[in-house]
Amino acid sequence: RRVWLVQQHALFLLLTLLQLYPENHEIQERGLIAMVLLAGGDIGAQRALAEGGAIGVLLNMLSTAEDEMVLQDRAISMLLNLTAVPEVRRQLLTAKGLVSVLAVMKAYPNIGSVQTEGCAFVASVVSSAGAASSGAEQSAVAVEVLKAKTEAMEEGAVTSIIAALKLHSASSLPTAVRACAALRNLAHGCRAAQSAIVASEGVQAVLHAWSVQPDSAVLCEHAGMALLHVLLEDEKAKPIFDQNGGVERAMAALRRWSSCGAESSSGSLSERCGGGEGAVEKTDSFRGALLAVFGLLQMRTKFNAKNRNVVLELGGLESILDIVRVRLSDNAVFRCAVAVLHILVSNEPLVAQQRVARHPHGFQTLVLALSAADSLQTDALSGAHTPAAACPAASPVALAPPASPAPQQAR
């Protein structure tokens, strides 16, 4: 029935009603709800709505009086759905969509649904994922996205997102996930965002959210990648990360997710990993979580003996050996695991050899790992320091629109 209604131009009729009766609150709210439900995840419908003038109508709703919170919340939901179309994300940047959404987020900091979808909107609209195909187009998009991020910084985007993370992360996993994703995308290639995250205590906020929501691989991925983007460029962030238990948090995640999505017959994915809230998260999320954790561990152990000892004491070498055994065919995860393994074994050879010897498949797995990694030319146990392959930096992500919960006051 939904498809039939779309084919009968119901979306355009709804859009026309919204344009004809901007002062009628009931028509506006019911029309928006119907539009969200009808368009759903249909990319063609979202593109057609944007071409029909939906962006202007929705952004106008965001500029209404403060007592129209429910309407504005629905409008952000619809704008978030539109970001599923790469070219529409570019249109939203040009139309100052970021500025409008951030203004609503600032107006309603205690409303969980506004913060959740606002953070998701920021994450998606500053993502260049899928927005261009040719090299020239990619360069143009990159310039536009960087300009949008700079504008977002001027409007206090990082401050608003971190405030949402601090207030809602313990009670709302969706808000925590989307806030971390927004910080991840903002920090990617943007020094202004990286500095703002550090100055606004964003490193601490992300680590706290990660610690209070430990069972979500999606959160682990976004939180880890957000921190990785910041730590790669901002030296001030590194001691903050260490002092606030960053290495310990990464190790807890490594142990938690080391068997998830593994090529093993020892139980189903749900039996090994759970998934949070009764759902099993996608294997890609477990993979992304591992890549983020290995990236952080590689960065914080390479030149830091204290952090290496923490990793060894918490069983990091054993966990990495287990991952190497089951992830041989996953080139990215395998290389990242070997990179951290190489750091531990070459810098702490005595302790590492003892732990390898106690592992059921320790030496066999170590030899396999070091011989299979094309970037490692010598046996790390010999003491030769051959640079390990760096973990690949993840690009920004475009979030799938979340479900639209009813606006409610945070507890």
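Every number here is computed from the coordinates shown, using simple stated rules; none is lab data. It should be emphasised that the depicted structure is a prediction, and the values quoted were computed from it without experimental measurement.
Among the listed pairs Lys166/Lys236; Lys147/Lys302; Lys147/Lys238, those whose Cα-Cα separation exceeds 30 Å are Lys147/Lys302.
Can you classify region 173-213 as rounded, prolate or oblate using the Cα gyration tensor, where a ≥ b ≥ c are the square roots of its eigenvalues, rounded means a/c under 1.5, and otherwise it's prolate if a/b beats b/c and oblate if not? The shape class here is oblate.
Based on the alpha-carbon gyration tensor of region 12-139 and its eigenvalue square roots a ≥ b ≥ c, which shape applies: rounded if a/c is under 1.5, prolate if not and a/b is larger than b/c, or oblate? Oblate is the answer for region 12-139, as a/c is 1.5 or above yet b/c matches or exceeds a/b. How much length is gained on full extension from Asn60 to Trp4, taking 0.36 nm per residue of separation minus their Cα-Cα distance? Contour length minus the Cα-Cα distance gives 17.3 nm. Quick check on region 293-371: take the gyration tensor over C-alpha atoms, sort the square-rooted eigenvalues as a ≥ b ≥ c, and tell me if it's rounded (a/c under 1.5), prolate or oblate. Oblate shape, in that a/c is at least 1.5 and b/c is the bigger or equal ratio.
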